[in-house]
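The values are calculated or read from the model by the stated rules, or taken from the named source; none is laboratory data. These numbers come from a predicted model, not from an experiment. So basically every Cβ, Gly included, is an ideal-geometry build from the backbone, and we count neighbours across all protein chains shown. We work out accessible area using only protein heavy atoms, side chains counted, and drop any ligands, DNA or RNA first. Shrake-Rupley method; radii C 1.70, N 1.55, O 1.52, S 1.80 Å.
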Amino acid sequence: MRWLEKCWLAAVLLAMFAGLFLQPAAAQEQLPSKPESGIARQPGGLSRADSPSADDQLNRILARQRGENALEPVLRTAPEAGSAGGADPHSAATIAGQLGSGLSYPDAYRAIRYGTEDVRTTAHTPAAGVLIQTGGMEWLKVRRGPLREWGGYLLIGVIGILALFFLIRGRIRIRAGKAGRTILRFTFIERFAHWLLAGSFVLLALSGLFMLFGRSYLMDVMGKEAYSAGVTATKWVHNNVSWAFMLGLVMVLLFWVWHNIPSRTDWQWIKAGGGIIGKGHPHSKKFNAGQKVVFWVTILLGASVSLTGLALLFPFEMPMFAKTFQAIDWTGIPGLFGWHLPTQLAPQEEQQLAQLWHSIVAFGMMAVILAHIYIGTIGMEGAFDAMGTGQVDINWAREHHDLWVAKREAEAARRGAPDGAVAPAE
């Protein structure tokens, strides 16, 4: 019986060995048809006269991406399937040529590209019905070109202007010197909201810049493996810290919105140069006009960057640009300039516009926040204490926010507090 068992084992191994090497070839010869795809197969088709190699095809694709005119190879009708030299009836080229009656391969490509051919797929995701979306190349050109170029110039320009201003103006000192007595300017919960918003924004800005510029400027320095690990970690940080940013944005809005409503005092502050350019310090309440500008820029641009960020975190679930363009077109303003905004966008186009707008708004916020950081640190003596300990020197407060100090002192006097006492911060 042992020799029968050995023969049986050898037969099993031989069958397994034959299956491993012969099954792929058989599978290629008997591909199952997919009538549910909406593509009708016909015995004839199109094939390339001189089928280009993989390298030729890749070079042609890269040439088109660079904007060069890459000529398509000449097409000819393929012989019947199964005949000598016939094209594979299941190849992509043959199927594409059979999408419409009498269409050549380029015609079928254009039909799919411009949406004139009824193409059905078995997938039911929002973007599945778009087989070719050439707008992606325009998005890539803008992202690699003007977005990075002008965004980089903006940040470098702001840093340069601030450095020049510091060399000319120097640090803004407390004219009367420190009094040695402080007033509570911001409570703990206010400072927590500020630092939650500020800290998360710094992480988002740095991680966003890493993802936008890293491939071109850091990958060769770091090495591909280190860059790959770094950009993966950066993406995780960017996606998850965004929730802290949105929470901080809501908290700051609730705490300070009533103090940042514009008033006549703000116009006087602006005319006097805020005490930064001219001499003397104009009257100001708890927030001066400059701080109000920073507040509303942060709130409005922060809300915009949050909405586009949510659209990117949940792809194809929050289309907003087509509806926005439709509302803008309804006003008739674009028509006055001969413009027409697209009101029908593919799901991929919505994502591409969300990514571009997300980056543009983020660059604008970074430029404003850089100026805010400058004034709050090296640009002005005593300013950092407001968000550091919450207590600011009384002389600093009277020079920069005299109306607010007067209000606190009046409230303390009504409560019967000693002379010179001030009420707690709002």
Restricting attention to segment 155-170, does a residue exist that is over 21 Å from Met366 (Cα atoms), modelled with pLDDT under 90 and either surrounded by 15 or more Cβ atoms within 10 Å (Cβ to Cβ) or touching a strand residue (DSSP E or B) at 6+ places or on another chain (Cβ under 9 Å) (or both)?
-> no
Can we say Lys285 is at pLDDT below 95 and of a type in the set (Lys, Arg)?
-> yes
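From the list Ser304, Ser284, exactly one residue is out of contact with any Pro (no Cβ under 6 Å at 6 or more places or on another chain), among the polar types (S, T, N, Q) and either assigned to a helix (DSSP H, G or I) or farther than 26 Å from Ala193 by Cβ (or both). Which is it?
Values: Ser284 fails: either assigned to a helix (DSSP H, G or I) or farther than 26 Å from Ala193 by Cβ (or both).
Among Ser304, Ser284, only Ser304 is out of contact with any Pro (no Cβ under 6 Å at 6 or more places or on another chain), among the polar types (S, T, N, Q) and either assigned to a helix (DSSP H, G or I) or farther than 26 Å from Ala193 by Cβ (or both).
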Residues in segment 180-221 that are small (Gly, Ala, Ser) and within 15 Å of Met366 (Cβ to Cβ) total 6
Report, ordered by the first and then the second residue, all pairs with beta carbons closer than 9 Å, sequence separation of six or more or different chains, a first member in segment 214-236 that is closer than 23 Å to Glu149 by Cα, and a second member that is open to solvent by 100 Å² or more (accessible area, probe 1.4 Å).
-> Ser216/Arg144; Tyr227/Arg215; Tyr227/Asp220; Tyr227/Val221; Val231/Arg215; Thr234/Leu206
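Identify all residues within segment 297-314 that are farther than 30 Å from Ser263 by Cα, in contact (Cβ under 8 Å) with a residue 60 or more places away in the chain and surrounded by fewer than 18 Cβ atoms within 10 Å (Cβ to Cβ); write none if there are none.
So the first thing to find is which residues in segment 297-314 are farther than 30 Å from Ser263 by Cα, and the list is 308-314.
Next cut, in contact (Cβ under 8 Å) with a residue 60 or more places away in the chain only: 309, 313.
The answer is Leu313, and nothing else.
Take Leu345 and tell me if it is farther than 24 Å from Ile189 by Cα and either basic (Lys, Arg) or open to solvent by 60 Å² or more (accessible area, probe 1.4 Å) (or both).
Values: farther than 24 Å from Ile189 by Cα: yes; either basic (Lys, Arg) or open to solvent by 60 Å² or more (accessible area, probe 1.4 Å) (or both): no.
Here the answer is no, as Leu345 does not meet what is asked.
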Only residues that are open to solvent by less than 60 Å² (accessible area, probe 1.4 Å), part of a loop (DSSP other than H, G, I, E, B) and in contact with a helix residue (DSSP H, G or I) (Cβ under 8 Å, 6 or more places away or on another chain): list them for segment 317-341, please.
-> Met320, Leu341
Can we say Phe295 is in a loop (DSSP other than H, G, I, E, B), under 30 Å from Leu167 (Cβ atoms), more than 18 Å from the chain's Cα centre (by Cα) and aromatic (Phe, Trp, Tyr)?
-> no
Among the residues of segment 264-296, the number that are open to solvent by less than 40 Å² (accessible area, probe 1.4 Å) and in contact (Cβ under 8 Å) with a residue 12 or more places away in the chain is 16
Exactly one of (1) among the hydrophobic types (A, V, I, L, M, F, W, C); (2) within 30 Å of Glu350 (Cβ to Cβ); (3) in contact (Cβ under 8 Å) with a residue 12 or more places away in the chain is unmet by Ile183. Its number?
-> (2)
In segment 380-394, residues that are in a helix (DSSP H, G or I) and crowded, with 19+ Cβ neighbours inside 10 Å total 2
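Tell me whether segment 373-388 contains one or more residues that are within 27 Å of the chain's Cα centre (by Cα) and touching a residue at least 24 places away in the same chain (Cβ under 8 Å).
So the first thing to find is which residues in segment 373-388 are within 27 Å of the chain's Cα centre (by Cα), and the list is 373-374.
Filter again for touching a residue at least 24 places away in the same chain (Cβ under 8 Å), leaving 374.
Looking through segment 373-388, at least one residue is within 27 Å of the chain's Cα centre (by Cα) and touching a residue at least 24 places away in the same chain (Cβ under 8 Å).
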Within segment 218-263, can you find the residues that are farther than 30 Å from Thr187 by Cα and either among the small types (Gly, Ala, Ser) or exposed (fewer than 12 other Cβ atoms within 10 Å of the Cβ) (or both)?
-> Asp220, Val221, Gly223, Lys224, Glu225, Ala226, Ser228, Ala229, Gly230, Thr232, Ala233, Trp236
